[in-house]
Amino acid sequence: MEELVNLFHGFAVALQPFNIMVMVLGIVLGVIIGVLPGLGGANGVAILLPLTFSMPPTSAIIMLSCIYWGALFGGAITSILFNIPGEPWSVATTFDGYPMAQQGKAGEALTAAFTSSFVGALFAVVMITLVAPLVAGFALQFGPAEKFAVYFLAFCSFVGLSKEPPFKTIAAMMIGFALAAVGLDSITGQLRLTFGFTPLLNGFDFLIAVIGLFGIGEILLTMEEGLAFRGGKAKINLRVVLQTWKELPKYWMTSLRSCFIGCWMGVTPAGATPASFMSYGIAKRMAKNGKNFGKGEIEGVVAPETAAHAAGTSALLPMLSLGVPGSPTAAVLLGGLLIWGLQPGPMLFVEQKEFVWGLIASMYLGNIVGLIVVLTCVPIFAAILRVPFSIIAPLILVLCAIGAYSVHSSTFDVMLMLVFGVIGYLLKKCNYPLAPLVLAIVLGDKAEEAFRQSLLGSQGSFGVFLSNPLVSTIMILGLIALFWSLIQEGYSRLRSAATA
Amino acid sequence: MTTGSSSNTGPTHKLVEAGVTLLIALFGVIVIVGSLKAGINWGAEGPRAGFFPFYIGLFIVASSAINLWHGLREDNDALFAEWGQLRQVLSVVIPTAIYVGAMPFTGLYVASIIFIAWFMRWLGKYRWLTVLAVAFGMPIVTYFIFERWFMVPLPKGPVEEWLDL
């Protein structure tokens, strides 16, 4: 009941005129970011983060999270109309969305995509509203060993659930941890890994890494592919929207299933991209007309979009309640919290009620605003894509440079950004996942601190990580997540052996 | 992306991937060396500064060794990219490097104008009028949004000083 009261207070905060204004601004910017190649949710938010330095924290987080929702919506537009996923999580949307557009059903596909996104997000927000305070309350009792166990679980899920080869995921993650370790050691105050190079005293800022890896890296990939946009026209009118809405309830089962998959994958930091693929795959297997998938089946748009949005939204649950972001974009938002002087983690729910509930309320409102904006303005956003890449590319590069500079007002960071960009291009081409690298840079210091404090408490004995039921449960869950693919394989082998 | 036909040449994926893996391993070695310098054993205040990164470095080297082995065993002679594609990539990387390197001396605005104009004229072959409109328009809009409305200072050089911005 107390949550409901808090939520109403949150709505009062989110409905202040200034906050509504930044909400709409955020959504529009977000959709543009989602539509443009090379600008994604994570680095879009990172570039615009400096703009919020002078705002009150609640308005700032509302604007940034709305950019994120906008980017989630925007990814679908390019997938359906141009067969070019604006974001990795909308790749699965191209499978059926683009064929629909080619058959002249672009309006239906877009309506289905936006509506499903909205449903997925709403489901996830309701879950956050109900679950986040409980998790936070529970997490207040955590000591350093439990904290480390939670980080351990988060990183193990990455290895077990990502579709990249596990040792590449581990390598990428460890690079992130190593980069996080550079500079001043927070416990002993000693310098390390700087090799006498002064600009490295403060270590690597993950915002620079995000802008480089995702922004510059993506532009380089796009340049290599020599992108040219060819695609269908966007026409949505009220009749098409209403007609599609009438049809959508038929797929409630797919929707509900995708919501659950999305929430699960979003809370464990597997993220929106695998969630959308998994949801598409399962829908294809379960649906009545599953063999028509890939030829323009509306259910094939519903499944990935619902899951991607549910995952993208629920990634904020562990960020808010535990201080462990579930996706790179959530990590950037967490970085924002630190800059605005807020300590992410369970104490937020105690000390910063207005902030937390204002944010949660803005998620409800932001997604409604988002749905209206994208349904009414699709032709405008699609027109942006007709601007040739040789104009867009330099503008995005300049924006990335501005974003990287303004984090610390340092031109060294801008050079670092370019280096990260080239690294990102190479890693991505070689099938290394970038998300764990970024999360490791963000969480590296905290994970290390928790690890060393636990060992300090136990005089160096690793037994501390199995010393009580709570910490052992989390650690064992982590190990299960780590070896998940092996367990799955073993299980299916056992089953096939049993049937044979 | 097109898969290599006989006329398209370029470095093989296997070769580049092996190179990247070796670079990652080298990075791991650097981390280990740095950690050893910082001290990896226990001191009076508990584990010393190099304790944690030392093991991270070991993990990097070990997983790179496995990745290298996997990569080399793979029977795959696909191309990493064609030379023409790599030229495209470099045609962005090199100017951006010059742009970024010039920024501390020229400031952001002048460097951006030249960079955008070069990019549009050379790669996009636009008319000068369009080129100049975008090249000047974007930094001016940036100036108002960042410096005026949101009070975020951006790097300035002699020209901005002279204009007293």
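The values are calculated or read from the model by the stated rules, or taken from the named source; none is laboratory data. Please read all numbers here as calculations on a predicted model, not as lab measurements. Here the Cβ is made from the backbone with ideal geometry for all residues, glycine too, and neighbour counts use every protein chain on show.
Of everything in the stretch A:197-207 that is away from chain B (no Cβ under 12 Å) and within 29 Å of the chain's Cα centre (by Cα), the residue that is modelled with the lowest pLDDT is A:Asn202. Among the residues making up the stretch B:45-82, a single one is of a type in the set (Lys, Arg) and in contact with a Gly (Cβ under 6 Å, 6 or more places away or on another chain): B:Arg48. The number of residues in the stretch B:122-141 being surrounded by 13 or more Cβ atoms within 10 Å (Cβ to Cβ) and either outside any helix (DSSP H, G or I) or away from chain A (no Cβ under 12 Å) (or both) comes to 5. With respect to the conditions (1) closer than 29 Å to A:Pro50 by Cβ; (2) more than 10 Å from chain A (Cβ to nearest Cβ); (3) among the small types (Gly, Ala, Ser), B:Ala117 falls short on a single one, namely (2).
The requirement of being modelled with pLDDT under 90, in a helix (DSSP H, G or I) and more than 8 Å from chain B (Cβ to nearest Cβ) is not satisfied by A:Val369. May I ask you to verify whether B:Pro104 is more than 8 Å from chain A (Cβ to nearest Cβ), within 30 Å of B:Pro158 (Cα to Cα), modelled with pLDDT under 95 and under 20 Å from the mean Cα position of the chain (by Cα)? So B:Pro104 does not fit the description; no.
For the stretch A:344-364, does any single residue satisfy the condition of being free of Cβ contacts under 8 Å to residues at least 40 places away in the same chain, assigned to a loop (DSSP other than H, G, I, E, B) and within 14 Å of chain B (Cβ to nearest Cβ)? Within the stretch A:344-364 (the criterion being free of Cβ contacts under 8 Å to residues at least 40 places away in the same chain, assigned to a loop (DSSP other than H, G, I, E, B) and within 14 Å of chain B (Cβ to nearest Cβ)), the answer is no, since none of the residues qualifies. If you go through the stretch A:75-102 and keep only what is among the charged types (D, E, K, R) and modelled with pLDDT of 85 or more, you end up with just A:Asp96.
With respect to the stated conditions, A:Leu443 fails to be out of contact with any His (no Cβ under 8 Å at 6 or more places or on another chain), within 8 Å of another protein chain (Cβ to nearest Cβ) and of a type outside the set (Phe, Trp, Tyr). Taken over the stretch A:375-429, the criterion of being away from every other protein chain (no Cβ under 11 Å), part of a helix (DSSP H, G or I), under 30 Å from B:Arg127 (Cβ atoms) and not hydrophobic (A, V, I, L, M, F, W, C) is satisfied by A:Pro379 alone. Among the residues of the stretch A:181-191, are any touching a Gly at 6+ places or on another chain (Cβ under 9 Å), within 30 Å of A:Val267 (Cβ to Cβ), assigned to a helix (DSSP H, G or I) and not charged (D, E, K, R)? Within the stretch A:181-191, one or more residues are touching a Gly at 6+ places or on another chain (Cβ under 9 Å), within 30 Å of A:Val267 (Cβ to Cβ), assigned to a helix (DSSP H, G or I) and not charged (D, E, K, R). Considering every residue within the stretch A:181-196, establish whether at least one is at pLDDT below 90, surrounded by fewer than 19 Cβ atoms within 10 Å (Cβ to Cβ) and away from chain B (no Cβ under 11 Å). The answer is no; no qualifying residue exists.
Looking only at residues of the stretch B:42-67 that are part of a loop (DSSP other than H, G, I, E, B) and at the interface with chain A (Cβ under 7 Å from one of its Cβ atoms), we find that the one that is surrounded by the most Cβ atoms within 10 Å (Cβ to Cβ) is B:Ala49. If the condition is being closer than 30 Å to A:Gln459 by Cβ, more than 10 Å from chain A (Cβ to nearest Cβ) and either assigned to a loop (DSSP other than H, G, I, E, B) or at pLDDT below 90 (or both), then the stretch B:1-41 contributes B:Ile40, B:Asn41. Here the stretch B:142-157 is the region considered, the condition is being more than 21 Å from A:Phe412 (Cβ to Cβ) and at the interface with chain A (Cβ under 8 Å from one of its Cβ atoms), and the residue that is surrounded by the fewest Cβ atoms within 10 Å (Cβ to Cβ) is B:Met151. Residues in the stretch A:258-275 that are buried (at least 18 other Cβ atoms within 10 Å of the Cβ) and at pLDDT 85 or above: 5 in all.
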